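The values are calculated or read from the model by the stated rules, or taken from the named source; none is laboratory data. Note that the structure is predicted; figures quoted are calculated from it, not measured. Note that each Cβ is placed from the backbone with ideal geometry, even for glycine, and that neighbours are counted across all protein chains shown. Remember, those area values only see protein heavy atoms, side chains included, never the ligands or the DNA or RNA. Shrake-Rupley method; radii C 1.70, N 1.55, O 1.52, S 1.80 Å.
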Number of protein chains: 2
Amino acid sequence: MHSLQELLEPEFLSKKTTIAVVSAEDHHVLEALKLAVSNNIVIPILIGNSIKIRKISEEISFDISDFELIDIQDNAEAASFGVNIVKTSKANVLMKGLISTGTLMKAVLHNHSGLLKHSLLSHVSVNQIPGYSKLLVVSDAAMNIKPTVDDKIEIIRNAVNVCNKIGIVNPKVALLCPIEYVNKKIESTVDASIITEKWKTGEIPGCIIDGPLALDNAINTDAAILKGIQSSVAGDADVLITHDLDSGNILYKSLNFMANGNSAAIIVGASAPIILTSRSDSAINKLYSIALACKMAN
Amino acid sequence: MHSLQELLEPEFLSKKTTIAVVSAEDHHVLEALKLAVSNNIVIPILIGNSIKIRKISEEISFDISDFELIDIQDNAEAASFGVNIVKTSKANVLMKGLISTGTLMKAVLHNHSGLLKHSLLSHVSVNQIPGYSKLLVVSDAAMNIKPTVDDKIEIIRNAVNVCNKIGIVNPKVALLCPIEYVNKKIESTVDASIITEKWKTGEIPGCIIDGPLALDNAINTDAAILKGIQSSVAGDADVLITHDLDSGNILYKSLNFMANGNSAAIIVGASAPIILTSRSDSAINKLYSIALACKMAN
């Protein structure tokens, strides 16, 4: 896949995906679903305050008469219900509506009734930026606050899974740091060198990893050459792994709000993909996120 | 000041600034100085390997016959000499050439012979980005690894000083975090709320501070409104303060390498501004950095 637009092409998704929308009584979410339905991507199951869902749908001319509408007004109950229909495969994607992320994730992370599968949940975004020649996957911008080395390896695995689903084989993964060499005072550089060593022993297959790399050496060939960096990742990264939530969130938002980028973003690592769009995401980015989740579930 | 181009306008700098260049035997640094000399900004004092300096200058057609050339081949000695002529006001700006940042800073930070003035040294960049309506100051992208709350207040003071020198009065300072509310598990949000409270008591004058703010709410009015954030900083920040070096470096490099931005960057907090250009900086950004340092020294 070379552009996010391809996510919307009919041949890309083999069939419509059923998507459980928790607390669907939200203007932005229903607008995004309307767009996804008109693109023949999804069949939503709308869970939440049915009166409000009907009212908003009418306001935005979204005909929901063909879709299941489950009236559950309590957010926690709506979340449990949504998680359960995904767990029993009645739906294949979970989407957050007008509910706090915490309440939704509590249901997802529940020991018995949740969607865990012994892997870490992480936020993965696929970004298309005018200033870069190919799609760029960034993780983690929204889930893990201060991942350990082992957490970072899971974050990489999740990102590589997303890459493979969208046709990026053996992705080049850059471990982002402020500098391109190890400085023991800078934790990210120490972590990066440990992970790169583990990759060299074959512990993290399916990708090429290098780090520590600074952002300029990771995505700009000239910058990598000027620094004398010899690496097949440097200057040509497919995946950027950030040290923590502070740096990941800034990178993701900078690409979207400063570099004029578009993005599809989902939570992966559970037994089904989860969509947590933010109100400030553009309509097209919300649609891309839904399409990416459906591709992951296919 | 509304654009970096203004840094080069004759009326902006009242006179040429003398600049001590440590280990000047570097192609990129001499190219930048040639440009600065042709723009009537600086009078360089070139310290380092005089044979190499002459050779490179000839290669790039940079006539250095009018400038002082001090032959000191040892880097540490060249650094001490450079710092000393700044300390004694023979030069007003210090610039790094082909010498490690560590060796140069050791001379700058020396207790007796250095350039300390009881304030924290920090990296301040002034960025011009096509996607933002005004100049955007970012700190700290290159000096402080994990600043404490007190360090961050010094970083803000240094950034405000730079703002004032370039005509940004009472700048709006956003304390960047991954989210716009306090979460005790996310250290940056706790620090931001402490600093905002201190600002409210009048402890940090000359600016308007708000945080925690996420990058989207700090620089995008629509995103701030959608999140219901009421603040004169949100959506209209002049200064972005990042939590640590990882996040600051990524933001700065993202603006330069992804968002098609230009920037002027210097180290402030010593008794004179210090220029540490990187090889991967573009020629025009190196010139802007020199011009900004000269403005700070004026």
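If you go through the stretch B:165-187 and keep only what is part of a helix (DSSP H, G or I) and in contact (Cβ under 8 Å) with a residue 60 or more places away in the chain, you end up with just B:Lys165.
Inside the stretch B:164-179, residues that are open to solvent by 50 Å² or more (accessible area, probe 1.4 Å) and in contact with a strand residue (DSSP E or B) (Cβ under 9 Å, 6 or more places away or on another chain) make up a count of 1. Restricting the stretch B:130-163 to residues that are in contact with a Pro (Cβ under 9 Å, 6 or more places away or on another chain) and within 13 Å of chain A (Cβ to nearest Cβ), the residue that is surrounded by the fewest Cβ atoms within 10 Å (Cβ to Cβ) is B:Ile145.
Applying the selection to the stretch B:1-23, what residues are in contact (Cβ under 8 Å) with a residue 24 or more places away in the chain and part of a loop (DSSP other than H, G, I, E, B)? B:Met1, B:His2, B:Ser3, B:Pro10, B:Phe12, B:Leu13, B:Ser14, B:Lys15, B:Lys16, B:Ser23, listed by residue number. Applying the condition of being under 13 Å from B:Ser23 (Cα atoms) and in a helix (DSSP H, G or I) to the stretch B:88-104 and asking which residue is farthest from the chain's Cα centre (by Cα) yields B:Thr103.
Kindly check whether there is at least one residue in the stretch A:96-103 that is open to solvent by less than 20 Å² (accessible area, probe 1.4 Å) and not acidic (Asp, Glu). There is at least one residue in the stretch A:96-103 that is open to solvent by less than 20 Å² (accessible area, probe 1.4 Å) and not acidic (Asp, Glu). For the stretch A:67-81, enumerate the residues that are assigned to a loop (DSSP other than H, G, I, E, B) and surrounded by 15 or more Cβ atoms within 10 Å (Cβ to Cβ). Within the stretch A:67-81, A:Phe67, A:Glu68, A:Ile72 meet the criteria. Could we say that B:Asn127 is away from chain A (no Cβ under 14 Å) and outside any loop (DSSP other than H, G, I, E, B) here? No; evaluated as a whole, the condition is false for this residue.
The sole residue among B:Ile56, B:Ile51 that is open to solvent by 10 Å² or more (accessible area, probe 1.4 Å), in contact with a His (Cβ under 6 Å, 6 or more places away or on another chain) and at pLDDT 95 or above is B:Ile56. In a residue-by-residue description of the stretch A:45-52, the property of being more than 18 Å from the chain's Cα centre (by Cα), within 24 Å of A:Ile250 (Cα to Cα), touching a residue at least 24 places away in the same chain (Cβ under 8 Å) and assigned to a loop (DSSP other than H, G, I, E, B) applies to no position. For first residues located in the stretch B:54-78 and within 17 Å of B:His27 (Cα to Cα), partners that are of a type in the set (Asp, Glu) and lie 6+ apart or on another chain with Cβ distances below 6 Å form the pairs B:Ile60/B:Glu31.
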